[in-house]
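The values are calculated or read from the model by the stated rules, or taken from the named source; none is laboratory data. Small disclaimer: the values here were computed from a predicted structure and weren't measured. Virtual Cβ from ideal backbone geometry, glycine too; neighbours counted across all protein chains shown. Please note that ligands, DNA and RNA were not included when accessible areas were found on the heavy atoms of the full protein model with its side chains. Shrake-Rupley method; radii C 1.70, N 1.55, O 1.52, S 1.80 Å.
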Amino acid sequence: MGKVYLVGAGPGDPELLTLKAVRVLEEADVVLYDRLVCEEILSYTKPGCRLVYVGKEDGKHTLPQEEINRLLVYYAGIYDNVVRLKGGDPFVFGRGGEEALYLMEHGIACEIVPGISSAYSVPAYAGIPVTFRGLASSFAIVTGHEAVGKRKSVDWRAFKDVDTLVVLMGVRNRQRIATELIKFGRNPNEPVAFIERGTTPEQRVVVSTLREVSTDPPEVNPPAVMVVGKVVGLHERLREFLENLKQTGEGVYHA
Ligand code: SAH
């Protein structure tokens with residue numbers, strides 16, 4: 001019986017892979033990868049390594065999670081080294097926990113290789129530190145995917161007093177999210193940034209305010225990280241200065 005590695009591929013820039021992720025990829029017999037994993041990262045695999053795409057489009061689940069779980073068990077039965085490669089970090093909205101539990105229940109050895117999550121690295125590449133002395137001493141990461149109003153949805157009240165709020169998978173519901181945040185007491189003038197395809201050459205930054213996102217949301221395409229909080233104001237100041245921002249998009253500026 002083989003072993004399954006749940007590996008974080010980082011946010012997109014291949015240089016943000018960990019050394020451990022590269023080593024595990026080099027040894028892999030099969031790699032099951034997601035939509036958010038860039039092609040270049042797959043080139044670290046050895047010749048003959050089997051590459052299996054199991055990506056899910058937002059909303060369109062091409063492969064249900066149960067099917068992915070079953071595939072991991074199946075490949076562990078025929079190969080020594082099975083890699084499940086996910087965007088960012090496997091345990092940050094990556095369903096890595098569920099996969100680990102499933103493998104455990106099936107008696108399959110499993111190792112977790114954390115990755116750099118988009119939640120803070122994508123803002124970083126846009127010149128937005130998620131914490132900043134005097135401006136932000138807390139940050140929270142929340143999913144925007146669970147539609148507002150659904151029975152098991154996120155309680156947006158909980159984020160009233162968090163300094164920096166990072167919303168993943170929030171593009172589609174951005175208007176409703178901003179509306180909820182204002183309703184529960186966040187300042188409508190608070191700046192909001194959307195960073196599309198962060199850390200890649202296609203990175204684009206859109207800056208707005210909560211009020212504007214709630215009334216006339218700017219055009220944004222997924223995947224994007226939504227950041228709410230004062231630290232967004234540092235984007236303007238740091239973008240001139242940070243080297244890796246030079247190659248990224250100019251962005252669209254509202255507000
Ligand atoms: N496990 C991942 C998150 C998976 S949820 C991680 O730790 O980063 C998928 C969401 O992550 C997307 O909807 C988007 O909000 C965000 N995301 C991932 N990569 C991104 C990138 N390069 N640029 C912008 N957002 C990204």
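Return one whole number: the accessible area per residue of region 36-140 in Å², for a 1.4 Å probe.
On the way: 5340 Å² over 105 residues.
Ligands and nucleic acids excluded, the result is 51 Å² per residue.
How many Å² of accessible area per residue for region 189-244, probe 1.4 Å? Present the calculation step by step, with values, prior to reporting the outcome.
On the way: 2530 Å² over 56 residues.
Here the per-residue accessible area is 45 Å².
Roughly how big is the chain's charge dipole about its Cα centre, with Cβ charges of +1 (Lys, Arg) and -1 (Asp, Glu), in debye to the nearest 20?
On the way: 30 positive and 33 negative charges, 138 e Å.
Here the chain has a charge dipole of around 660 debye.
State, to one decimal in nm, how far the label point of Glu39 lies from the label point of Glu146, with both points 7 Å from Cα in the Cβ direction.
Once both label points are built, they end up 3.7 nm from each other.
Defining a contact as two alpha carbons under 8 Å apart and six or more residues distant in sequence, what relative contact order in percent does region 3-116 show?
Numbers: 220 pairs, mean separation 50.6, N = 114.
Across region 3-116, relative contact order equals 44 percent.
How big is the Kirkwood radius of region 3-116, worked out from every pair of different alpha carbons and given in Å to one decimal? Don't skip to the answer; put the middle values down first.
Values: mean 1/r = 0.0730 Å⁻¹.
One over the average 1/r among Cα pairs gives 13.7 Å for region 3-116.
Can you tell me what percent of all Cα-Cα pairs in the chain are more than 30 Å apart? Spell out each step's value before the answer.
Values: 10166 of 32385 pairs.
Cα-Cα pairs in the chain separated by more than 30 Å: 31 percent.
Based on Cα positions only, what radius of gyration and what Dmax would you give for region 119-248, in angstroms?
Rg then Dmax for region 119-248, in Å: 13.7, 45.
Hey, rough spin-label estimate for Tyr53 and Asn187, points 7 angstrom out along Cα→Cβ, what's it come to in nanometres?
Label at Tyr53, label at Asn187, 4.5 nm between them.
Tell me the relative contact order for the chain as a rounded percent, counting alpha carbon contacts under 8 Å between residues six or more apart. Working shown, then result.
Values: 551 pairs, mean separation 49.0, N = 255.
After rounding, I find 19 percent.
If you roll a 1.4 angstrom probe over the protein chains with everything in place, what fraction of the accessible area of the chain belongs to carbon and sulfur, to the nearest %?
Accessible surface attributable to carbon and sulfur in the chain totals 52 percent.
On C-alpha positions alone, give me the angle between the axis of helix 65-78 and the longest principal axis of the chain, in degrees, nearest 10.
Helix 65-78 sits roughly 30 degrees off the main axis of the chain.
Which angle between 0 and 90 degrees, to the nearest 10, do you get for helix 96-105 versus the longest principal axis of the chain when only C-alpha atoms count?
30
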